[in-house]
1. Taking the stated definitions as given, is residue 291 surrounded by fewer than 19 Cβ atoms within 10 Å (Cβ to Cβ) and either assigned by TED's automatic domain parsing to the domain that holds residue 98 or not in a helix (DSSP H, G or I) (or both)?
2. Residue 101 - would you say it is without any contact (Cβ under 8 Å) to a residue 40 or more places away in the chain and under 23 Å from residue 218 (Cβ atoms)?
3. Just need a number here: residues in the stretch 133-169 that are touching a residue at least 60 places away in the same chain (Cβ under 8 Å) and assigned to a helix (DSSP H, G or I).
4. For residue 227, which of the numbered conditions (1) within 23 Å of residue 166 (Cα to Cα); (2) in contact (Cβ under 8 Å) with a residue 24 or more places away in the chain; (3) outside any helix (DSSP H, G or I) fails to hold?
5. Using beta carbons and a limit of 6 Å, which pairs, at least six apart or on different chains, have the first residue in the stretch 176-187 and more than 16 Å from residue 134 (Cβ to Cβ) and the second one at pLDDT 95 or above and assigned to a helix (DSSP H, G or I)?
6. Before we move on, is residue 85 in the same structural domain as residue 148 (by TED's automatic domain parsing) and either more than 18 Å from the chain's Cα centre (by Cα) or at positive phi (or both)?
7. State whether one or more residues within the stretch 208-229 are touching a helix residue (DSSP H, G or I) at 6+ places or on another chain (Cβ under 7 Å) and under 19 Å from residue 169 (Cα atoms).
8. Looking at residue 128, is it modelled with pLDDT of 95 or more, within 19 Å of the chain's Cα centre (by Cα), under 22 Å from residue 63 (Cα atoms) and buried (at least 16 other Cβ atoms within 10 Å of the Cβ)?
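The values are calculated or read from the model by the stated rules, or taken from the named source; none is laboratory data. Predicted, not measured: the structure shown is a model, and the values here were computed from it. Cβ coordinates were reconstructed from backbone atoms using ideal geometry, including for glycine residues, and neighbour counts include every protein chain displayed.
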């Protein structure tokens, strides 16, 4: 059923019909008032146009726009959070769950584009955050690392295929490796901030070392506050005092710490390409249907 409250947002009902009625009414009443009617129309719709410009979102799907860097924080070896200013202080980045922003730098005359998932939530106004792991040969990450406060980077978006809906699954197993935690965090945030979404979330998060676990304090805090969210960590090269799982994410970990194989449950996987390929093949061996497994 169509929402009648949105009719005035459509050009037909919000612009063309009102203008036509005003002009027709003036013509019936007296032609002498036509200049005043036209002046009134110009004023009213100039105000509406100005209001529409002010409400326009900062991020455009097709146009690259410059965003000012206002803060950057090193949170792990070679990993930083970059905060960029939106065009309005009261604007929040209304990004679909699990989607990404495209970031572009022109390097040696060629546009280099990489994709990053904002980790700021739908209540953060005036800015957005991206988490970036730097690589020695990474062209875009090197440019971001050299960016100074007050300088700008180009973004556009959003990009992604996940169509998350509250209640789309009874339980969702979230499997992340390294910076693959960023779109997974979007899912977690969207679920825990929606009082009507009672989806149970089970996160398995793999990294090379304990120091590489990104945003661990924040994730642990969420797990402590929300009973429907559980997290389990594994590291490939553990310290002697590490008491979590060791090694790559495997079948035993998914069976023990993830949801059971069921048409009511789903798995979301994000990490390096080889990890996603291996884990997707593993889920098929475990009996998961393809439609119940989503790889970012």
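1. When the stated conditions are applied, residue 291 does not pass them.
2. The answer is no for residue 101.
3. Residues in the stretch 133-169 being touching a residue at least 60 places away in the same chain (Cβ under 8 Å) and assigned to a helix (DSSP H, G or I): 2 in total.
4. That leaves (2) as the condition not met.
5. Within 6 Å, the pairs are 176/184; 177/275.
6. No.
7. So far as the stretch 208-229 goes, yes, one or more of its residues are touching a helix residue (DSSP H, G or I) at 6+ places or on another chain (Cβ under 7 Å) and under 19 Å from residue 169 (Cα atoms).
8. yes
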